[in-house]
1. Identify, among GLY3, THR101, GLN36, the residue whose Cα sits farthest towards the positive end of the charge dipole of the chain, taking +1 on the Cβ of Lys and Arg and -1 on the Cβ of Asp and Glu, with the dipole about the Cα centre.
2. Could you please report the charge total around PRO111, scoring K, R as +1 and D, E as -1 over all other residues with beta-carbon less than 10 angstrom from its beta-carbon?
3. Using the Cα centre of the chain as the reference point, and only Cβ charges (+1 on K/R, -1 on D/E), how large is the resulting charge dipole? Debye, rounded to the nearest 20.
4. By how many degrees, 0 to 90 and rounded to 10, does the Cα axis of helix 58-67 deviate from the longest principal axis of the chain?
5. State the answer as a single residue: which of HIS173, LEU137, GLN48 lies farthest towards the positive end of the charge dipole of the chain, with beta carbon charges of +1 for Lys and Arg and -1 for Asp and Glu, about the Cα centre.
6. Nearest 20 debye, what's the magnitude of the dipole of the stretch 20-75 about its Cα centre given +1 on Lys and Arg Cβ and -1 on Asp and Glu Cβ?
7. What is the sum of charges, Lys and Arg at +1 and Asp and Glu at -1, for the other residues whose Cβ falls under 15 Å from the Cβ of PRO7?
8. Per DSSP H run of at least 4 residues, take -39500 (n - 2.57); add these up for the chain, divide by its residues and hand me the 222 nm value, nearest 500 deg cm²/dmol.
Amino acid sequence: LLGLYRPQKGCVKIYGQDAYLLPDSIRRRLFGCVEQSFKRVPGTVLEQITLSDPTISREDAVEAAKLAGLHEVIAGMEQGYDTLIQEEGGNLSQGQKQLLTIARAFLSDKPLLILDEATSNVDTRTEILIQKAMDKLMKGKTCFVIAHRLSTIVNADMIIAVDSGRIVDIGTHKQLLEEGGFYAKLYNSQYILTA
């Protein structure tokens, strides 16, 4: 989708155009991305949210933090949005880092969104908070969710299950559970306790 790798067969199209042939400037205008790892920029919480973009107002950054469910945490910090973020985000929990990346995505407001393992590094309780923020973020967008934690994709319009680099199942959550294939086995291994 981002044109970093060329398909070995066929092509990936975005709005009818070969993704690999689209200029980077167009892709940057189309795609927002929430990655599993937190990318820190030097500076304050505010600068983390805005990625030090001077065109983004403080008010817009605060609104994005509220939408991401992070505002109360930031407000509770000694210097609020002016708190310096330590190297590698040491004064933020894993969940807070993920919510911060979601706040960044709210600010970017792109029509296409990639969520790459956005809940992979957090506990189940924090996953629920992040899922609520992601549900708000995904509204009205075309989203591509890459996930091993299947709770993040159960409401998807289409699920594509990949095993060893091959597509093995395609359908909705309900359809794939009824079919009892790879996806159903993976889902059941994560969420059904056996006696």
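The values are calculated or read from the model by the stated rules, or taken from the named source; none is laboratory data. Just so you know, these numbers come straight off a predicted model, no measurement behind them. FYI the Cβ positions are ideal-geometry reconstructions off the backbone, even for glycines, and counts take in every protein chain you see. SASA here: full protein model, heavy atoms, side chains in, ligands and nucleic acids out. Shrake-Rupley method; radii C 1.70, N 1.55, O 1.52, S 1.80 Å.
1. The Cα lying farthest towards the positive end belongs to GLY3.
2. Neighbour charge sum, excluding PRO111 itself: +2.
3. Dipole of the chain, to the nearest 20 debye: 580 debye.
4. Approximately 40 degrees, to the nearest ten.
5. HIS173
6. It works out to roughly 220 debye.
7. That sum, taken over residues with Cβ under 15 Å, equals +3.
8. About -11000 deg cm²/dmol.
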